[in-house]
Each structure stands twice: as structure tokens, then as C-alpha cells.
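What follows is a single structure, written as C-alpha cells, with notes after it.
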Amino acid sequence: MTTCRISLAWCALAVMVGSCAAPHTPAPTPKPVSVDALLTQLTPRQKIAQLVVPWLGGNYMALDDSTFQIATRWVDTLEVGGIIISVGSPYDIAAKLNALQRRSKLPLLVSADLEWGAAMRVVGATAFPYIMAAGATGDERDAYTYGRIAAREDGLSHPCEFRADADVNNNP
């Protein structure tokens, strides 16, 4: 099952990292637009592009790096709906995502596969065992503690994550 949430801590980190790169003049606050009104303004091609969410490495890339240039074309030309980010430091991930968000006409949905915690993708996050290990302890408090810490850290990196709600091991 997919769970999505916006984290104020992630947003603060993204703003902080984005502001470290160069002096930045804040953009004017956009007027709220309803989703229905926005969808009527999009062409069929743009609506389809919102369903496209390509994978992008989270490691450091200079803005003129050929791989990053491909990602900017996804945003500029294809007008993709989001990015699935992979392994990198929180600062590299935030800097890359800030640059792509600034280019995008619509906010990008940022996501990551964090099945066993943020350490699966974010360098420096707490490394947990696979989810099955929490169940093997036989104490539900262990699963709760794992989930609480993982949720805090995951919120620092990605507002939408793909995580298993329950692991089922049918391999004898």
C-alpha cells in the first residue's frame, strides 16, 4: 500500500538547503487554485504526463551534469508529475529536488521506496532490520518504536513513500 504525507521538517530542510546554494528572492505566494480548475487548464498530454514519475538517483550531481540535464528535460519538456528519488545524502537530495521544483509548472510529487526505513535510500538515516525482524521479537512495542522512529526520519526525506503495510513470508 502507498502512503503519502507532507512533512514540515522535510520542507524546512528543502528550503534551508535551497537557500544555501545562492541568494534567493522568495517567489510571490500563488493564489490557491482548485484541482478541478487546474485540470481544466491542462491539455490531455499534460494530464497524461502527470501520471509519469521517473526514478532519479539521489547522489550529488552538478546542475550541468548530463544525468541532471535529462531530469530537467523530464520537468521542462515532458512536464512529469513527480520524481522517485533514490540513494543520496539529505542535502544532495534536497538541492536536486529544489532545482527541479523551481523548474516545474506544477508541484512535483516526490516519492521514495522506503520499505525498511529511510536508511534504504537516505545516507545517514537510522538503519533498521527488515520489517519482519520487528515481528520476530514478539513484542508489539518493538514494532511501534521502529515505526515511530522510521516515520520521523522518513518525513525528513520524502513526502510520499512506498512502504509495505505488512510483510508476508510464505517461504518455509
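The values are calculated or read from the model by the stated rules, or taken from the named source; none is laboratory data. Keep in mind the model is a prediction, meaning the values are calculated, not measured. So basically every Cβ, Gly included, is an ideal-geometry build from the backbone, and we count neighbours across all protein chains shown. With ligands, DNA and RNA removed, areas are computed over all heavy atoms of the protein, side chains included. Shrake-Rupley method; radii C 1.70, N 1.55, O 1.52, S 1.80 Å.
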Exposure of TYR130 as accessible area (Å², to 10), given a probe of 1.4 Å and all protein chains: 150
For the stretch 21-140, divide the Cα radius of gyration by the Kirkwood radius and give the resulting Rg/Rh value with two decimals. 1.07
Whole-Hz Karplus ³J(HN,Hα) for the stretch 87-104, in order, using 6.51 cos²θ - 1.76 cosθ + 1.60 and θ = phi - 60°, x for Gly and Pro? 4, x, 7, x, 5, 5, 4, 5, 4, 5, 5, 4, 4, 6, 4, 4, 7, 6
Roughly what % of Cα-Cα distances in the stretch 85-144 sit above 15 Å, to the whole percent? 60
Amide H of PHE128: which non-local residues (sequence gap of 5 or more, or other chain) have their own amide H closer than 5 Å, using H built in the peptide plane? ALA119
Would you please give the residues with an amide H less than 5 Å from that of ASP113, counting only those at least 5 places away or on a separate chain, with H modeled from the backbone geometry? PHE162
List every residue whose amide H lies under 5 Å from the amide H of GLY82, counting only residues 5 or more places away in sequence or on a different chain, with H placed 1.01 Å from N in the peptide plane. LEU109
Sparsely packed trypsin sites (Lys or Arg not before Pro) within the stretch 78-154, loop by DSSP, other Cβ within 10 Å at most 16: LYS105
For the stretch 40-47, 3J(HN,Hα) per residue [Karplus equation, 6.51 cos²θ - 1.76 cosθ + 1.60, θ = phi - 60°, Hz, x = Gly/Pro]: 5, 7, 8, 6, x, 4, 5, 5
